[in-house]
Structure formats: structure tokens, C-alpha cells
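Chemist: Let me begin by handing over the structure; questions about it come next.
No lab work stands behind these numbers, since they all come straight from the coordinates. Here the structure is a predicted model, which means the values were calculated and not measured. Cβ placement follows ideal geometry from the backbone for every residue including glycine, while neighbour counts extend to all protein chains displayed.
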2 protein chains.
Amino acid sequence: MRYAVILAGGGGTRLWPASRRARPKQLLALGTPGGRTLLRATGERLRAWPIVAVTAAEQAAGVRAELDWLGDSDVVIEPAGRNTAAALGLAAMALVDRDPDAVMAAMPADHHVADDDAFRAALETAFAAAEASDVIVTIGIAPTAPEVGYGYLEVGAARDDGTREVTRFVEKPDAATAVKYVASGYLWNGGMFIVRAQRLLDEIERHMPDTFAGLQARTDDAYLAVPSISIDYGVMERATGVVTVPGDFGWHDVGSWGALAAYRHADENGNVCDGDAVLVDAKRNITVTDDGVIALIGVEDLVVVRSGNAVLVAPRDRAQDVRAVVAELQRRGRDDYL
Amino acid sequence: MRYAVILAGGGGTRLWPASRRARPKQLLALGTPGGRTLLRATGERLRAWPIVAVTAAEQAAGVRAELDWLGDSDVVIEPAGRNTAAALGLAAMALVDRDPDAVMAAMPADHHVADDDAFRAALETAFAAAEASDVIVTIGIAPTAPEVGYGYLEVGAARDDGTREVTRFVEKPDAATAVKYVASGYLWNGGMFIVRAQRLLDEIERHMPDTFAGLQARTDDAYLAVPSISIDYGVMERATGVVTVPGDFGWHDVGSWGALAAYRHADENGNVCDGDAVLVDAKRNITVTDDGVIALIGVEDLVVVRSGNAVLVAPRDRAQDVRAVVAELQRRGRDDYL
């Protein structure tokens, strides 16, 4: 049977001050239609299939509230955050316990998708391919720009199941390399893949024996001892028989405030505003406010975010450095801002 | 007898979003010691003398709350805002009614003074001079920089009462002229002057007969018909026998957010922060927040203000253009932000 596995753990500080410890990125509504959170939008997009969500204990209540149609056993709790390989291994074990033939579509909870129907069509193709020939099927995104914030997939021959072979996973490139990748037909690695759950466990056993042993022990202590490794690094880059379904459904990983402009409407001066704004001689700025108004005079290419008790101001191309702000607040012990 | 007259009317939009219709600049605490409002600090600085405050009806409650030791008749209500000449004429009439020999020290409610003792010493010299020879005594401020935001006084011969003759009032200069003025020993016009109340009425009668007639009618309608003219333009620039007491007591007219840096401590990168701030690679910025934290990354020479339901971001040298924001909010009918 087909299942969706939603990775709904992790905090992520790249969208501070909107994202906080108590309100991670997937619980934000970042321009999602209907003001839904990214997590709820993700869940509703996948509602055609039974869903298993993996999350941390402290976020479980928030996850259950958003995916409120899930049963108790559909939310798998990580004893601690140990990155995506361990989290997906945990989900795969839960699925195999339930259904030895389970095929899982693994995906993050915090991505933006504009065209849900096109997304589901790509997923159907991927499910069918994974069932027919036991491949690992990634969803490759047709690039709309030479993004440096994403990993890329080098693709090879087309197969008659609607997929193409993946010849190489490549890490986030520099700007010049990204241009080359896009020109050469590389796809964005969207961090979504479809595979039989047992096949994923077999791959973890082969490439990550320590992780596999830790998972098999089925104790919190053993899980805590598992190394923190991403599924891309631990499995996908090493596995053979990886293919991709090229998808084009308005996908974005809202990885930083600077990325927000990519999928939001800009005014005639290139400003993207979420919430009330007054702009005087202001160009190419991004403003986000959850309450009240943001007024800009004579500034360009800034990100200005007001959320709760904090305001962030940074150039668009330095918005990812918000991590330094979060680190400084941690150093000062200002939990009220974290 | 000696009196202080505090001009506590007027809104002023130059400090939006901190200053609002319901909370004009004089009701703000802009780094005033003890967190007092500028108006209360002004009142307490003048408490050695009986005080008369002039204000608008809608601001009277706020003024009475801050100057809470004043009696009912000590707060004079302007039927409408008609600039400083009319407001001071109204105060002078109230004083002459009470005491024909009244000498008044007229001053704005929204200035910053660092050294109250030096301020009062200058005022004592000015009162004595006004009593001894019926001159109009301005307080001239020793410039600390070639400010373009202030008017200047050209000064002449020293007199043996501790004052110097004022040979000319000059309007706000351009930058090059301001440098020349400072080099030539001009003083800032601080908008404070000391004069017998009857002498002020005589000057208004001579130079502003329409205003005088409107005041004498003692009706709201007549006051409404009075032209809106400043005391500097209407009287001071035309009167003879104007002298000045040079004062040096850390005076600033907090006329815009950009001016805030002039009297606040800056960190080693030139940032001036009022309220919580986190600064990463940020230089020469001004941050003001009445609640929560402002985080800056990689920006320079900005003013960032959070006050109530609004955030303002502008380059320091464009902070005075906040008027354009206020005008736009008025156009949109957003009273909740005004």
C-alpha cells in the first residue's frame, strides 16, 4: 500500500523571528492559500494517502493539531533529533511493522507547492515506478533560476516508466556552477523520494550499519547514540538504482526570508509585502508583518520582518545570516526571543 | 513675578511611529532620565517658577497628567492650533490678567536638556536682564555641530548684564552655510525666550495687529480667524532690543529620528540603541523599540523604530521624510496607525 511520510520535526532558525522554538517553520503560514500552515497544506496535499508524520516530542501537539485527522499511531515520535536518515528509518520501520509491502513517499513538511494536482500526478508516477521495479524515485524539480540554496540532480537516460535515471547527486553549488547546472539540464533536489519502506531499511543497513543497529534496538538510548546524518548523504548519494520524476508544480523550499520573493507577487517597484506596508521610494524589499504596519522610506533590497516581539532588518542576500542573531540570543539566554 | 510658559500643543509627525495623534512628541520619553516624558522633564526643570502651559483641548488631559502639580487655571487651552505667536499671545494675556508685571520664560515642551542646573542658571540671567532693561532675551545655544535643522542667531556686542546683542535671526541654513555660521560664532536659536508679558503683547500689537485684535476679542471664533504665524517670524525677527544669553547645557531639539544619535551613547560601531537590540555587522544605525527586540544584520546608517503597531525603516538622513508615510496613512484613512 502507498503511504506519505511527512518529516515534521526540526526547528530551523532561518525564518526567525517568525519561526521560534515553540513555532517551527512548518507551523508558519507563509502565503499558503487559506492562511493554512505549511504543515497543514502539506498534509492536505497528501490526503489521498494514509499519512505517517515523524516529529519531536515537544512538537507532537502542534503536529497533531494541524494534521488533526491522523490517528495516535500515525505520529511517530523521535526520541531526539538525529537528522533525516534516522527519522526516515524510524518511519520505515513503523510502516513495515504495519504493512511489509508499504511504499512510502517521504517529504518535508515545510515546502511550498503552487499546483497540488501536478504535484500529486508526479507522485503517482513515482509510486508506480517504485512498485514496478523497486527503484528509489526522487522528485526532481525543474529549476526556475540558478539557485545556490538547493542541491541538484544530474539526470541520465529516460526510462519507459516516466522516470529518468539519476547519475549524480550534487551539493549546493556556487553561483557560477549553478548557472552551468541549469544550462546542462540538472534538476533541483527537492528532498522528496518514493521507495518501498523495506528497500529503504535495506539501504540503511548497507550504507549506515550503525544507524540501522540503533534503529533495530528500538530503545530511546540506542536512538540517541545514532549518528546525525542526512538521508541524502547517508543513502541517496550512495545507492544504485535511483531515478527521478521531473516535476514542475511551483515548488519552493522557503529556506530564508530572501527566498520569499520567488513565489510572491511583487509591486511595480519589486517590493513583496505580506501584511500592511507603506512604501516611500522603496525598491525590491520584502516586508512581512503578523501585526501592524511596516513603513519603508528610501531603502532597497532589504528584508524587514516583524513577528511577535521581534523585528528583523537585513539585506535580502544576507537574510540567511539570521542564524547569527539566533546564536547571539541563545548566548544572552533570551529565551523570550527564541 | 517670574513665570514659565510651556508650549505643550501641536502634534508633530516627525517622530512617527512613536508620536501619534493621541501621543504627541512631548508625551514621549526619548531617553529622558527616569523614563519621564519630555513634557514632565521640561516641567520639572522649570519647577522653581509658577508654570502656565498652553495646549490644545484634545491634549489637555495628557498635559495635566504630566504636569500634575498645576492648577486648573494654569493650563490655557487654545481654541485651535494657530502656531506659536498666537499661543504665546494667549499665555501672555492670561499672565497679565493675573500679574501686570509678569515676566515669562517661553519654551517648547519637547526639547532635551542634559544639564538642568546650567539651564536654570542661564534662565536666571535672562530673567534678570528682562526685568532690568525690558529687553527680549533669547537663549542661544552654543553649537556642537553645523546642524542644518536649527535656526541660528548672529550675535553682537557683549552687555554688562551677562547677555549679548542679537544682530540677526537666520533661518535653517544649508550645510555649507551652517559650517560658516558655526565658524563665525553664531548660536543655535533654541526657541526659548524671556520677556515681560506686557512687552510681548506690545510687540504683537505692533508687528501683528490682526493677531493682536483676534486675541483681544477673547472669543473662540476670533482666535480661529488669527493667522498661523510663528513667534520667530512674527515678532522676534522684527523686534528691536533682542539680546541673548549663551547657554551650554546639552540642549537638543529631538526633531527627527536621525537627531537621536546626537545625544545618545553609541557603541563601538556607532550604533545607538534604545531598547533590546542584536547587531550583526551593523554600523551607525539607530534602533528604538518600545517592546521586544530589533535585530539588524549587515546594514548601515539606518533608523529602525518599532512603536506600538508600526515599524519604520529609513536611512538616517531620510528620517525626516516620515511625513510622507504619515500623509499616505492619512490618505488611506488608517487612523489606527496615526
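Chemist: When DSSP assigns beta bridges and you keep just the ones with both residues in the stretch A:2-253, what percent turn out antiparallel, to the nearest 5?
Modeler: Numbers: 21 of 41 bridges.
Around 50 percent of the beta bridges assigned by DSSP in the stretch A:2-253 are antiparallel ones.
Chemist: Rounded to the nearest 500, what is chain A's calculated 222 nm mean residue ellipticity when only DSSP H runs of at least 4 contribute -39500 (n - 2.57) each, over all residues?
Modeler: After summing the helix terms and dividing by the residues of chain A, the value is -8500 deg cm²/dmol.
Chemist: Which whole-number percent gives the relative contact order of chain A, counting Cα pairs below 8 Å spaced six or more residues apart?
Modeler: After rounding, I find 19 percent.
Chemist: Turning to a different aspect of this structure: Restricting the count to DSSP beta bridges whose residues both fall in the stretch B:259-337, what percent are antiparallel, rounded to a multiple of 5?
Modeler: In the stretch B:259-337, approximately 30 percent of DSSP beta bridges are antiparallel ones.
Chemist: According to the Cα gyration tensor, what semi-axes, each the square root of 5 times an eigenvalue, does the equivalent ellipsoid of the stretch B:2-253 have, listed from largest to smallest in whole Å?
Modeler: In descending order the semi-axes read 25, 22, 18 Å.
Chemist: Within a 10 angstrom radius of the beta carbon, how do B:VAL272, A:VAL96, B:VAL179, B:VAL195 rank from fewest other beta carbons to most?
Modeler: Ascending Cβ contact count within 10 Å gives the list B:VAL179, A:VAL96, B:VAL272, B:VAL195.
Chemist: What is the Cα centroid distance between the stretch A:145-165 and the stretch A:50-98, reported in whole angstrom?
Modeler: The two parts, judged by their Cα centres, are 29 Å apart.
Chemist: What does DSSP give for the protein assembly as shown in terms of the percent of beta bridges that are antiparallel, rounded to the nearest 5? Before the final figure, lay out each step's value.
Modeler: On the way: 54 of 128 bridges.
Counting DSSP beta bridges with both partners in the protein assembly as shown, the antiparallel share is about 40 percent.
Chemist: Same structure again: Show me the chymotrypsin sites (Phe, Trp or Tyr not before Pro) within the stretch A:228-308 that DSSP assigns to loop and that have at most 11 other Cβ atoms within 10 Å of their Cβ. It would help to have the intermediate numbers written out before the result.
Modeler: Values: sites: A:TYR233, A:PHE249, A:TRP251, A:TRP257, A:TYR263; in loops: A:PHE249.
Counting only loop positions with at most 11 other Cβ atoms within 10 Å, none of the chymotrypsin sites (Phe, Trp or Tyr not before Pro) in the stretch A:228-308 qualifies.
Chemist: Please average, across the residues of B:322-332, the number of beta carbons from any other chain that are within 10 Å of each residue's own beta carbon, and give a whole number.
Modeler: 3
Chemist: Right, something else. Pick out, from A:ALA176, A:PHE212, A:TYR233, the residue whose Cα sits farthest towards the positive end of the charge dipole of the stretch A:139-235, with +1 on the Cβ of Lys and Arg and -1 on the Cβ of Asp and Glu.
Modeler: So the residue furthest toward the plus end is A:ALA176.
Chemist: By how many degrees, 0 to 90 and rounded to 10, does the Cα axis of helix B:83-98 deviate from the longest principal axis of chain B?
Modeler: With rounding to tens, the tilt is 50 degrees.
Chemist: Turning to a different aspect of this structure: Once the label point is set 7 Å along the Cα-to-beta-carbon vector, what list of distances in nm do you get between B:ARG332 and its counterparts in the other copies?
Modeler: 2.9
Chemist: For the stretch B:187-338, what is the charge dipole size about the Cα centre, in debye to the nearest 20, if Lys and Arg each add +1 at the Cβ and Asp and Glu each add -1 at the Cβ?
Modeler: 280 debye
Chemist: Sum up the charges of everything whose Cβ sits under 13 Å from the Cβ of A:ASP291, counting Lys and Arg as +1 and Asp and Glu as -1, but leave A:ASP291 out.
Modeler: Numbers: positive: A:ARG306, B:ARG306; negative: A:ASP274, A:ASP276, A:ASP290, B:ASP291, B:ASP336.
Overall, the nearby charge balance is -3.
Chemist: Most exposed first by the Cβ proxy, i.e. fewest other Cβ within 10 Å, how do A:SER228, B:SER230 rank?
Modeler: A:SER228, B:SER230
Chemist: Divide, for the protein assembly as shown, the radius of gyration over alpha carbons by 2.2 N^0.38 Å, where N is the residue count.
Modeler: 1.31
Chemist: Under a Cβ-only charge scheme (Lys and Arg +1, Asp and Glu -1), can you give me the dipole magnitude of the protein assembly as shown about the Cα centre, in debye to the nearest 20?
Modeler: Here the protein assembly as shown has a charge dipole of around 180 debye.
Chemist: When a footprinting reagent is the concern and you count Cβ atoms within 10 Å, what order do B:MET107, A:MET104, B:MET1, B:MET93 take, fewest first?
Modeler: Ranked by crowding around the Cβ, least crowded first: B:MET1, B:MET93, B:MET107, A:MET104.
Chemist: Something else about it: Cβ under 11 Å from B:GLU147's Cβ, B:GLU147 left aside: what net charge do those residues give with Lys, Arg +1 and Asp, Glu -1? Mind showing how you got there, number by number?
Modeler: On the way: positive: B:LYS172; negative: B:ASP253.
Local charge sum for B:GLU147: 0.
Chemist: Still on this structure: What nm distances, shortest first, do you get from the label point of B:ASP115 to those in the other copies when the point sits 7 angstrom along Cα to Cβ?
Modeler: 7.3
Chemist: If you don't mind, there's one more thing I want to ask. Placing unit charges on C-beta atoms (Lys and Arg positive, Asp and Glu negative, everything else neutral), compute the dipole magnitude of chain A about its Cα centre in debye, rounded to 20.
Modeler: 540 debye
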